[in-house]
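S.K.: Take this structure, written in structure tokens, and hold onto it; I'll ask about it next.
We did not get these values from a lab; they are worked out from the coordinates using the rules stated. Remember, predicted model here, so these are calculated numbers, not experimental data. Neighbour counts run over all protein chains shown; Cβ positions are idealised from the backbone, glycine included.
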Amino acid sequence: MSRSIWNSTAPKTNFPTLKESLVVDVAIVGGGITGITSAYLLAKSGKKVAVLEAAEVSGGTTGYSTGNLYSMVDKRLHHIQSKWDEETAASVARSRTAAVNLIESLAREYNIDCDFKRVPWYLFSETSKKDETIEKEIDAASHYNLRVEEVHELPLPVKVSKAIKVEDQAQFNPSAFVRGLARNIENENCRIFENSPVYHIQKEEELTLSTPSGTVTAQKVILATHSPKGVYAVQTALYPYREYAMAAKLNSGDFPDGIYWDTEAEFHTSMRTYKVNGEPYVLMLGGHHKVGQEDNYTRFYDRLEKNLRKYFDVSSIDYRWSAQHYKPADGLPYIGESADDNIYFATGFSTDGLTYGVLSAMIFDDLLNNRENEWADLYKAKRFTPIKSAKNYIKENLNVARQYLKDLPGKAEADSFDEISPGQGKVVEVDSEKWAVFKDESGKVHCQSAVCTHMDCIVDWNDSEKSWDCPCHGSRFKATGEVIEGPAFSPLDKRDVKSKNDS
Ligand code: FES
């Protein structure tokens, strides 16, 4: 199971559960970096705000990220430039720079102890095979007011052919930042609730959000939940992937801070350092697969550990975690109103979510206050870009169609509960219906329908996270069926184990 370095080291928050009926201007679903920064900006501009977090503040993707902040993008600026144009790539770099600057100023203003530091960002090739990628990125970045240079060595024990170094990027502990900001902004006009999952949004003249023990009625709703909750057309243009991370304490070596991205390695795509109580750690992030479409999830951690030990003198691996991201069809996130319905979302961040999350908050603040925002049009959620989206759209939606074929009879993983080991789950066919069956460590069996409550795909057992993951749009459920993340509102439908025995 995941244990993130950020959530384990940042002081926890203790906000109440919603147990009343509130009326506010803006309801925000999700207490990650997007939701909490949106709440801060909107409350500051005079809006009455309520944040509804299903679990704990920063307990979702924010707390399972890398803590890296940069103007560059996972997809590479030169790709944005060739898919879109130079002006678009410049706007992406400028807008992301503005978001990083806002994080720095908030950390300073509220004296948030989140280890915010300006550091260099590197993209490197280990052999000359990918030198051309580096050269193109140097060329692209040097057009956009970034301090760029070509280097041939890294301050890490990794051999390098060529690298781009960009100064003035940043790192922090994202959970310490978001929780610190949340503590500073909560007041009677900015209420924050934890353990308050939204399971329904009633759309009338106003919007009413229901949680198990309360409601919030609002003029506007922001779904700061990564993929928007519910069914939206944008979900055909969003593709869910998971990545893995490990933090290793070192026997020797105390490497300088920096963000290090590898263009070539199959498994370690990113590295950074962090200190816990003065002890140096190296974080390595890698592996990459579609959600709910793997046979052996633990192999990703095995490969990360092997790579860490290859490069560093590892004493112990104290933290490991995985996180989900959504790739957008045309390379840019979707930020804005969904369809003239007063519901706003921010999604498709790829692996660049911390910076895009804060940028989304800046855009929401302007949109909901009827102010111009220079980037709102570029990222608008309602855009239609068939040519730029076509390749990913066709490939990924064919993949989704294939997942629905798993619903055909005879595709179950086990015929009997006896085939399931303690601590594991399998899809079992019972009376022509697929059940998601989990056997806990005591041998007790927990049964639920394997049909995802979002749009009826069959879920897959994730043996690393002990969760049921949906291969279609990325909803994830606990072993016992409760929603963890993704567009599904409702838990998996319970099934009675007796009916299996009767049958
Ligand atoms: S997340 Fe859409 S069908 Fe499961």
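S.K.: Pairs to check: 12/275; 275/306; 290/388; 12/310; 229/426; 434/478. Give those whose C-alpha atoms are more than 29 Å from each other in this structure.
M.R.: Long pairs (Cα-Cα over 29 Å): 12/310.
S.K.: What FRET efficiency comes out for the pair residue 482/residue 233, r = Cβ-Cβ distance, R0 = 22 Å, nearest 0.05?
M.R.: 0.20
S.K.: If you don't mind, there's one more thing I want to ask. Taking +1 at the Cβ of each Lys and Arg and -1 at the Cβ of each Asp and Glu, which of 467, 455, 488 sits farthest along the dipole of the range 408-499 towards its positive end, judged by Cα position relative to the Cα centre?
M.R.: It is 488.
S.K.: Could I ask something else about it? Label the range 1-127 by shape, choosing from rounded, prolate and oblate, from the square roots a ≥ b ≥ c of the eigenvalues of the Cα gyration tensor; if a/c is under 1.5 it is rounded, and otherwise prolate applies when a/b is larger than b/c, oblate when it is not.
M.R.: Note, shape of the range 1-127 comes out prolate.
S.K.: Classify the range 309-388 from the C-alpha gyration tensor, please: rounded if a/c falls under 1.5, else prolate or oblate depending on whether a/b exceeds b/c.
M.R.: Since a/c reaches 1.5 and a/b is larger than b/c, the shape of the range 309-388 is classed as prolate.
S.K.: Loop only per DSSP, at most 16 neighbouring Cβ atoms within 10 Å: give me the trypsin sites (Lys or Arg not before Pro) in the range 143-197, ordered by residue number.
M.R.: Of the trypsin sites (Lys or Arg not before Pro), the ones in loops of the range 143-197 whose Cβ has at most 16 other Cβ atoms within 10 Å are 147, 159.
S.K.: Now for a different question. Determine the percent antiparallel among the DSSP beta bridges restricted to the chain, to the nearest 5.
M.R.: In the chain, approximately 75 percent of DSSP beta bridges are antiparallel ones.
S.K.: Describe numerically, in nm with one decimal, the distance between label points set 7 Å from Cα along Cα→Cβ at residue 391 and at residue 264.
M.R.: 2.3 nm
S.K.: When ranked by the protection proxy of mean other Cβ atoms within 10 Å per residue, highest first, what sequence do the peptides 12-20, 63-71 form?
M.R.: 63-71, 12-20
S.K.: Add -39500 (n - 2.57) for each DSSP H run of 4 or more in the chain, then divide by its residues: what number comes out at 222 nm, to the nearest 500 deg cm²/dmol?
M.R.: Roughly -8000 deg cm²/dmol at 222 nm, from the helical runs in the chain.
S.K.: Next up: Any aspartates and glutamates with Cα under 15 Å of the residue 327 Cα? List them, leaving off those in the same chain fewer than 8 positions away.
M.R.: Output for residue 327: 74, 243, 352, 396.
S.K.: Under 8 Å for C-alpha pairs, at least 6 residues apart: give me the relative contact order for the range 201-347, rounded to a whole percent.
M.R.: Rounded, it is 32 percent for the range 201-347.
S.K.: In addition: With the contact rule set at Cα under 8 Å and sequence spacing of 6 or more, what percent relative contact order holds for the range 408-499?
M.R.: 21 percent
S.K.: Ranked from highest to lowest mean number of other Cβ atoms within 10 Å per residue, what is the order of the peptides 423-430, 365-372, 113-120?
M.R.: 423-430, 113-120, 365-372
S.K.: Moving on to the next point. What lysines does residue 165 reach when the alpha-carbon gap must be under 18 Å and sequence neighbours fewer than 8 apart in one chain are set aside?
M.R.: Counting by Cα, and skipping residues close in sequence, residue 165 has these lysines nearby: 75, 117, 130, 136.
S.K.: Under 4.7 Å Cβ to Cβ, no partner at all: give me those cysteines from the chain, in residue order.
M.R.: Flagged as lacking a Cys partner: 114, 190, 447.
S.K.: Viscosity 0.692 mPa s, temperature 37 °C: what is the translational diffusion coefficient of the chain from Stokes-Einstein with a Kirkwood Rh over Cα pairs, rounded to a whole number of µm²/s?
M.R.: Stokes-Einstein gives a translational diffusion coefficient of 140 µm²/s.
S.K.: Does the range 82-146 classify as rounded, prolate or oblate by the C-alpha gyration tensor (a ≥ b ≥ c root eigenvalues; a/c under 1.5 gives rounded; else a/b over b/c gives prolate, otherwise oblate)?
M.R.: oblate
S.K.: Next up: Let me know the charge dipole size of the range 346-442 about its Cα centre in debye, to the nearest 20, where only the beta-carbon of Lys, Arg (+1) and Asp, Glu (-1) is charged.
M.R.: Result for the range 346-442 is approximately 680 debye, rounded to the nearest 20.
S.K.: List the lysines whose Cα sits under 16 Å from the Cα of residue 47, skipping any in the same chain fewer than 8 residues away.
M.R.: 220
S.K.: What is the chain's relative contact order, in percent, from Cα pairs under 8 angstrom and six or more apart in sequence?
M.R.: 17 percent
S.K.: Let me ask another. Could you give each residue of the range 182-189 its phi-based ³J(HN,Hα) in whole Hz, using Karplus coefficients 6.51, -1.76, 1.60 with θ = phi - 60°, and x for Gly or Pro?
M.R.: 4, 4, 7, 9, 6, 7, 5, 9
S.K.: I need the phi-derived Karplus couplings for the range 201-218: 6.51 cos²θ - 1.76 cosθ + 1.60, θ = phi - 60°, integer Hz, Gly and Pro marked x.
M.R.: Result, rounded to whole Hz: 10, 8, 9, 10, 4, 10, 10, 10, 9, 9, 10, x, 9, x, 9, 10, 10, 9.
S.K.: While we're on this one: Full-extension gain between residue 251 and residue 3, please, as 0.36 nm times their residue separation minus the C-alpha to C-alpha distance.
M.R.: Value of the extension gain: 87.2 nm.
S.K.: Output ³J(HN,Hα) for the range 126-134: one whole-Hz value per residue in order, computed from phi by the Karplus curve 6.51 cos²θ - 1.76 cosθ + 1.60 with θ = phi - 60°, and x for Gly and Pro.
M.R.: Couplings: 7, 10, 6, 4, 10, 4, 5, 4, 5 Hz.
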